[in-house]
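The values are calculated or read from the model by the stated rules, or taken from the named source; none is laboratory data. These numbers were taken from a predicted model, which means no experiment stands behind them. Counting neighbours? That spans all protein chains shown, and the Cβs are built from the backbone with ideal geometry, glycine included.
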Amino acid sequence: MASLVSRVPRLLQAVGRTLAVQATRSYADAAGPVGMSFTFGSPAAAFYNAATNVRQVDVPTFSGDIGILPSHVPTLAVLKPGKLTVYEDDATVNQFVVSSGSVTVNEDSSVQILAEEACRLEDIDPQLARSGLEKAQQQLSAAGTDAERTEAQVALEFHEQVVKALE
Amino acid sequence: MHPCCGDGLFHVPEIEALLAHASWVRDEHRSAAMLSRTALFVPTCTQVRGMATLKEIRNRLKSVKNVQKITQSMKMVSAAKYARAERELKPSRPYGTGAAAFYDKVDIEQDREKPRHLLVTIGSDRGLCGAMNSNINKLLKNYVKDNADKEIKFVTLGDKARQALYKTHSEYFMMTYSNFGRQPATFSDAAEVAEAVINSGYEFDVGEIYFNEFKSVVSYNLRPLPLHSLESVSEADSLAVYDSLDAEVIRSYQEYQLASVLYACMKETNCSEHSARMTAMDSATKNAGEMIDTLTMQFNRKRQAEITKELIDIVVGAQAQDE
């Protein structure tokens, strides 16, 4: 399964206009271990780096969509393409689209979400997303070998999620 | 540089060569000259004291100037690449720390006494980048020497390691990647290496990634990061803390983390390489500049000495005619 992760090409570059890089920094949480230390990034951009002002994160994983709050039970999960929502302490809601990757919740309530590609929902061009979806559908029907078919299916699933997230 | 004989006068070698023809001076000077010369090489030219001809100095000057141009342009190219590499390093650092965080928290012990070791080293293809690659090569050699009783395999990125070690240590090389360092590393590169390591079928007990961590423009550090095999992660005690894990999730997770960690290390290496090359070429350019200054001085003095010599010829000849 994870070998697919390596083969998915730069899907998001096709749909995203600009990738806004914003590493959110926050004041140290005086309350101590109650908050979660949230790190979320992709190889190209780090959105949150050990941020402590995050209240909740909704994550799409292959074992289901999970909502992570501070003091969540430690777990590991594989990220699924889809929409990721971050709820900050001051009621700001940031939505992202992620391709695939890993989710880690540690015992000390620190959360690391590493996505192979991720960008803000606002940065996605709906037109490009829809045309990408059509192209992926064509690719799937034209796929010959097993490997091609799997790649096309991955691309298709990703684009479906992106279009769904935009609605 | 004119050597000064003991009498404290400033001697011009060409004039002395002329004076040496006068017999009453000849023996003393020649013996002194020969004594001083036995320690040096004997010059093939007729000029005295190992000083090159005007043409040789001019050629040398020309070649050093060319070298300076080359090193200067290499420095600029490296500076541009370094700027880009540093920019791309910024988001990849938290990415790498995030990827390694799980292993830190779980704190899996690597028992170095176990027999099978895997070393992944990240270097560069091209040289002139400081001590980066030689540090890695030295480390590999010493590792093999210190662990002679274990089974060790290398996976090297960057041609330099292969060039240095393949002849003598070919049995240790499992895989080597070239064409690394020219273009900035991408996640797909890291994923390719990770996939190859996992699919190689080599079941290692102890694994380490060695790379040059970028500290600042003038400094970088050779650092290891632990590389855990699937077995050691699955069998770790602290893994029980993590909820709802099955073998599939652990395997996928492990593969992705390996690619992520490799990606972060590659980015650091890129940055170190370009900054090291930039500083190396910068000091090479400065040195070349100094050499050019010295040679130009030498050239001018030589040129003036020759003019003086010709003048003396003319004056002496004229005087002889008058008499």
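Please determine, by comparing only the residues of region A:73-104 that are facing chain B (nearest Cβ under 8 Å) and of a type in the set (A, V, I, L, M), which one is surrounded by the most Cβ atoms within 10 Å (Cβ to Cβ).
Out of the qualifying residues, it is A:Ala77.
Output yes when any residue across region B:77-88 is in a helix (DSSP H, G or I), in contact with a strand residue (DSSP E or B) (Cβ under 6 Å, 6 or more places away or on another chain) and under 30 Å from A:Val111 (Cα atoms), and no when none is. Reasoning before the result, please.
Step one: of region B:77-88, the residues in a helix (DSSP H, G or I) are B:77-88.
Within this subset, residues satisfying the condition of being in contact with a strand residue (DSSP E or B) (Cβ under 6 Å, 6 or more places away or on another chain) are none.
No, because not a single residue in region B:77-88 is in a helix (DSSP H, G or I), in contact with a strand residue (DSSP E or B) (Cβ under 6 Å, 6 or more places away or on another chain) and under 30 Å from A:Val111 (Cα atoms).
For region B:187-202, indicate whether the set of residues that are touching a strand residue (DSSP E or B) at 6+ places or on another chain (Cβ under 8 Å), over 19 Å from B:Arg126 (Cβ atoms) and acidic (Asp, Glu) is non-empty.
no
Out of B:Ile312, B:Ile292, I need the residue that is closer than 30 Å to B:Ala131 by Cα, at pLDDT 95 or above, part of a helix (DSSP H, G or I) and touching a Leu at 6+ places or on another chain (Cβ under 9 Å). Which one? Don't jump to the end; show me each part of the working.
Working: B:Ile312 fails: closer than 30 Å to B:Ala131 by Cα.
Going through B:Ile312, B:Ile292 in turn, just one is closer than 30 Å to B:Ala131 by Cα, at pLDDT 95 or above, part of a helix (DSSP H, G or I) and touching a Leu at 6+ places or on another chain (Cβ under 9 Å): B:Ile292.
Going by the conditions given, is A:Ala50 closer than 18 Å to B:Lys105 by Cβ and within 8 Å of chain B (Cβ to nearest Cβ)? Before the answer, list the steps.
Working: closer than 18 Å to B:Lys105 by Cβ: yes; within 8 Å of chain B (Cβ to nearest Cβ): yes.
Judged against the criteria, A:Ala50 is a match.
If you take the residues in region A:132-167 that are of a type in the set (Val, Ile, Thr) and more than 18 Å from the chain's Cα centre (by Cα), which one is surrounded by the fewest Cβ atoms within 10 Å (Cβ to Cβ)?
Of the residues in region A:132-167, the ones of a type in the set (Val, Ile, Thr) are A:145, A:150, A:154, A:162-163.
Keeping just the survivors that are more than 18 Å from the chain's Cα centre (by Cα) gives A:145, A:150.
Details: A:Thr145: 8, A:Thr150: 16.
Checked region A:132-167; the qualifying residue surrounded by the fewest Cβ atoms within 10 Å (Cβ to Cβ) is A:Thr145.
Go through region A:123-134 and report how many residues are part of a helix (DSSP H, G or I) and in contact (Cβ under 8 Å) with a residue 24 or more places away in the chain.
7
Out of B:Asn300, B:Asn212, which single residue is more than 14 Å from chain A (Cβ to nearest Cβ) and not in a helix (DSSP H, G or I)? Lay out the reasoning, then the answer.
On the way: B:Asn300 fails: not in a helix (DSSP H, G or I).
That would be B:Asn212, the only listed residue that is more than 14 Å from chain A (Cβ to nearest Cβ) and not in a helix (DSSP H, G or I).
For region A:27-40, how many residues meet the condition of being within 14 Å of another protein chain (Cβ to nearest Cβ) and either surrounded by fewer than 22 Cβ atoms within 10 Å (Cβ to Cβ) or modelled with pLDDT under 90 (or both)?
Residues of region A:27-40 within 14 Å of another protein chain (Cβ to nearest Cβ): A:33, A:36-40.
Now narrow it down to the ones that are either surrounded by fewer than 22 Cβ atoms within 10 Å (Cβ to Cβ) or modelled with pLDDT under 90 (or both): A:33, A:36-37.
Number satisfying all stated conditions: 3.
Of all residues in region B:243-277, which are more than 9 Å from chain A (Cβ to nearest Cβ) and under 19 Å from B:Leu225 (Cα atoms)?
Once the filter is applied, which keeps residues that are more than 9 Å from chain A (Cβ to nearest Cβ) and under 19 Å from B:Leu225 (Cα atoms), region B:243-277 yields B:Leu258, B:Val261, B:Leu262, B:Cys265, B:Met266, B:Glu268, B:Thr269, B:Asn270, B:Cys271, B:Ser272, B:Glu273.
Matching residues to (1) of a type in the set (A, V, I, L, M); (2) within 14 Å of chain A (Cβ to nearest Cβ); (3) surrounded by 13 or more Cβ atoms within 10 Å (Cβ to Cβ):
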site: B:Arg58; (1), (2), (3): no, no, yes
site: B:Glu88; (1), (2), (3): no, yes, yes
site: B:Pro115; (1), (2), (3): no, no, no
site: B:Thr121; (1), (2), (3): no, no, yes
site: B:Ser134; (1), (2), (3): no, no, yes
site: B:Ala148; (1), (2), (3): yes, no, no
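Only one of these conditions is not met by A:Val97: (1) under 28 Å from B:Asp107 (Cβ atoms); (2) within 14 Å of the chain's Cα centre (by Cα). Which number is it?
The single condition A:Val97 does not satisfy is (1).
Return the residues of region B:179-206 that are assigned to a loop (DSSP other than H, G, I, E, B) and either closer than 14 Å to B:Phe154 by Cβ or within 14 Å of another protein chain (Cβ to nearest Cβ) (or both); say none if nothing qualifies. Give the steps one after another, and end with the answer.
Step one: filter region B:179-206 for residues assigned to a loop (DSSP other than H, G, I, E, B), giving B:179-186, B:200-205.
Once the filter is applied, which keeps residues that are assigned to a loop (DSSP other than H, G, I, E, B) and either closer than 14 Å to B:Phe154 by Cβ or within 14 Å of another protein chain (Cβ to nearest Cβ) (or both), region B:179-206 yields B:Pro184, B:Ala185, B:Thr186, B:Ser200, B:Tyr202, B:Phe204.
Name the residue, out of B:Val233, B:Val249, that is in contact (Cβ under 8 Å) with a residue 24 or more places away in the chain and farther than 19 Å from B:Tyr143 by Cβ.
On the way: B:Val249 fails: in contact (Cβ under 8 Å) with a residue 24 or more places away in the chain.
Criteria check complete, one pass: B:Val233.
Among residues belonging to region A:57-72 that are surrounded by fewer than 17 Cβ atoms within 10 Å (Cβ to Cβ) and part of a strand (DSSP E or B), point out the one that is farthest from the other protein chains (Cβ to nearest Cβ).
Only one residue fits best here, namely A:Asp58.
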